[in-house]
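The values are calculated or read from the model by the stated rules, or taken from the named source; none is laboratory data. For clarity, every value in this text was computed on a predicted model and none was experimentally measured. Cβ coordinates were reconstructed from backbone atoms using ideal geometry, including for glycine residues, and neighbour counts include every protein chain displayed. Note: areas computed on protein heavy atoms with side chains; ligands, DNA, RNA excluded. Shrake-Rupley method; radii C 1.70, N 1.55, O 1.52, S 1.80 Å.
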Amino acid sequence: MKAVRLKQIAFIATLGFTAIWFRFLFSSRNLYIEANTSTAHKIDTHEENLKHITSSSTTTEAAPLKKPPELVLPIFNNQFHVLVMLSVFNGKRWPKYNEFTDQDLVDRDKEYLSTLRANLENKVVKEVHLFYMEDDDLKLVKSQNFSALNKLRPVKWHRRLHMADFFLYASKNLVNKSVIAINGDILIGKGFDLIDTERLRDERVMFSLTRHNIIRDGKRCTPLNLCTESYYRASHDTHVFRLAEPLNETIILDKLDYPINMWGAENAMHWTFKNVLNFTVRNPCRVLVTHHNHCSKVHGPSLEKVDEHKYSIYYLPNKGWTQKKVLQSYTPFENSLAYRKRKKSGFLAFFYSFLLRWT
């Protein structure tokens with residue numbers, strides 16, 4: 001009887017100490033937030049119409065959400081290096097694109113070029129590292145007389161970008177630099193001056209963002225606005241990171257050496273960064289806004305015919321990408337900026353083991 005009472009007393013005392021500990025943790029966090037808002041601004045989730053899109057009646061659309069409570073976060077003077085592939089047809093036809101008319105391809109080129117122009121002129125962009133294969137394609141860009149061409153850093157490349165190329169190039173050229181790796185039709189919107197890139201670096205965090213839609217001529221360019229509250233469709237076209245050191249080249253080439261537009265490309269990348277490279281991957285797409293500038297008819301291999309064209313990570317030989325790993329890559333939408341996901345502290349681990357032992 002006495003032994004049982006001692007156990008009960010020890011259990012109650014532990015609960016009390018835990019309550020005090022949690023109160024200290026939360027009060028400390030609140031003090032940190034208040035101390036860092038002296039040069040802050042309020043997050044506005046409504047994106048202004050972006051300039052230089054191909055139609056004057058084009059607007060951007062954020063997800064149709066209830067307006068969240070106003071948050072106050074510090075502003076950082078961020079300057080990002082953007083990595084992107086120059087994806088223009090420029091009068092040529094790529095393999096498997098024969099079904100589209102010449103005008104379809106011209107319309108798609110206009111979207112790529114207008115996106116590049118808008119990103120060059122974005123105030124958070126320091127340089128755009130533009131990967132290209134054909135000299136004529138680079139000449140096309142330079143003939144556009146963009147006002148911010150001084151930010152352009154052409155990179156002659158031997159192939160259309162693979163996912164591995166983003167990270168190997170950054171490992172060799174941009175260590176300790178803030179990087180945004182994007183698809184060629186993604187417009188960088190608001191929120192990127194709110195990122196604490198030192199925390200990205202020190203806590204090994206990547207923001208991999210789901211895009212928002214664009215409205216043109218009063219209609220959505222695509223029926224789905226992917227950064228929504230109701231469902232998650234795993235489309236991530238923007239990856240924000242800052243490397244403290246070069247990544248393991250062997251791992252990157254083994255896991256991520258496939259085209260960036262392959263079905264499942266982001267799933268495999270997320271799984272690798274989470275489970276092999278020990279990164280936290282997050283998706284605060286409602287704070288860091290990007291837009292998909294794709295209203296033209298031109299699209300790549302469809303998901304519905306994936307068993308025919310086999311343009312999917314599932315069909316990569318000897319890589320072992322399975323549905324289980326795809327599910328483990330799940331990176332849902334978030335309404336606020338957060339960084340490293342905390343593991344249980346030593347005290348909490350002790351507390352849980354204590355409960356298991358004494359109750």
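I'd like the full set of residues that are at pLDDT 90 or above, assigned to a loop (DSSP other than H, G, I, E, B) and open to solvent by 40 Å² or more (accessible area, probe 1.4 Å), limited to the stretch 321-331.
The one that is at pLDDT 90 or above, assigned to a loop (DSSP other than H, G, I, E, B) and open to solvent by 40 Å² or more (accessible area, probe 1.4 Å): 322.
Can you confirm whether residue 119 is within 21 Å of residue 187 (Cβ to Cβ) and surrounded by fewer than 16 Cβ atoms within 10 Å (Cβ to Cβ)? It would help to see each step written out before you state the result.
Numbers: within 21 Å of residue 187 (Cβ to Cβ): yes; surrounded by fewer than 16 Cβ atoms within 10 Å (Cβ to Cβ): no.
So residue 119 fails the test.
Just to be sure before I move on: is residue 341 basic (Lys, Arg) and either at pLDDT below 90 or surrounded by 13 or more Cβ atoms within 10 Å (Cβ to Cβ) (or both) in the structure I sent?
Numbers: basic (Lys, Arg): yes; either at pLDDT below 90 or surrounded by 13 or more Cβ atoms within 10 Å (Cβ to Cβ) (or both): yes.
For residue 341, the condition - basic (Lys, Arg) and either at pLDDT below 90 or surrounded by 13 or more Cβ atoms within 10 Å (Cβ to Cβ) (or both) - is met.
Which of the numbered conditions does residue 156 fail, given that it passes all the others? Conditions: (1) in contact with a strand residue (DSSP E or B) (Cβ under 7 Å, 6 or more places away or on another chain); (2) open to solvent by less than 10 Å² (accessible area, probe 1.4 Å).
The number of the failed condition is (2).
So, in the stretch 277-294, exactly how many residues are touching a Lys or Arg at 6+ places or on another chain (Cβ under 6 Å) and aliphatic (A, V, I, L, M)?
Going through the stretch 277-294 one residue at a time, the tally reaches 2.
Would you point out which residue out of 161, 200 is open to solvent by less than 70 Å² (accessible area, probe 1.4 Å), out of contact with any Asp or Glu (no Cβ under 6 Å at 6 or more places or on another chain) and within 28 Å of residue 90 (Cβ to Cβ)? If you could, list the steps in order and put the result at the bottom.
Details: 200 fails: within 28 Å of residue 90 (Cβ to Cβ).
Going through 161, 200 in turn, just one is open to solvent by less than 70 Å² (accessible area, probe 1.4 Å), out of contact with any Asp or Glu (no Cβ under 6 Å at 6 or more places or on another chain) and within 28 Å of residue 90 (Cβ to Cβ): 161.
Could you say whether any residue in the stretch 231-240 is out of contact with any strand residue (DSSP E or B) (no Cβ under 7 Å at 6 or more places or on another chain), at pLDDT 95 or above and open to solvent by less than 10 Å² (accessible area, probe 1.4 Å)?
At the first step, the residues of the stretch 231-240 found to be out of contact with any strand residue (DSSP E or B) (no Cβ under 7 Å at 6 or more places or on another chain) are 231-235.
Keeping just the survivors that are at pLDDT 95 or above gives none.
No, the conditions are met nowhere in the stretch 231-240.
Would you check if there is a residue in the stretch 176-194 being of a type in the set (Phe, Trp, Tyr), surrounded by 18 or more Cβ atoms within 10 Å (Cβ to Cβ) and either in contact with a Gly (Cβ under 7 Å, 6 or more places away or on another chain) or touching a residue at least 60 places away in the same chain (Cβ under 8 Å) (or both)?
Scanning the stretch 176-194 turns up at least one residue that is of a type in the set (Phe, Trp, Tyr), surrounded by 18 or more Cβ atoms within 10 Å (Cβ to Cβ) and either in contact with a Gly (Cβ under 7 Å, 6 or more places away or on another chain) or touching a residue at least 60 places away in the same chain (Cβ under 8 Å) (or both).
Tell me which residues, restricted to the stretch 283-308, are part of a helix (DSSP H, G or I) and open to solvent by less than 50 Å² (accessible area, probe 1.4 Å).
Residue satisfying the conditions is 306 alone.
Only residues that are open to solvent by 10 Å² or more (accessible area, probe 1.4 Å), touching a helix residue (DSSP H, G or I) at 6+ places or on another chain (Cβ under 7 Å) and assigned to a loop (DSSP other than H, G, I, E, B): list them for the stretch 253-273, please.
257, 260, 262, 264
Checking residue 250 against (1) among the hydroxyl-bearing types (Ser, Thr, Tyr); (2) under 24 Å from residue 124 (Cβ atoms); (3) surrounded by fewer than 19 Cβ atoms within 10 Å (Cβ to Cβ); (4) modelled with pLDDT of 95 or more, which test does it fail?
The single condition residue 250 does not satisfy is (2).
Would you confirm whether any residue within the stretch 92-109 is open to solvent by 50 Å² or more (accessible area, probe 1.4 Å) and within 19 Å of residue 180 (Cβ to Cβ)?
So far as the stretch 92-109 goes, no, none of its residues is open to solvent by 50 Å² or more (accessible area, probe 1.4 Å) and within 19 Å of residue 180 (Cβ to Cβ).
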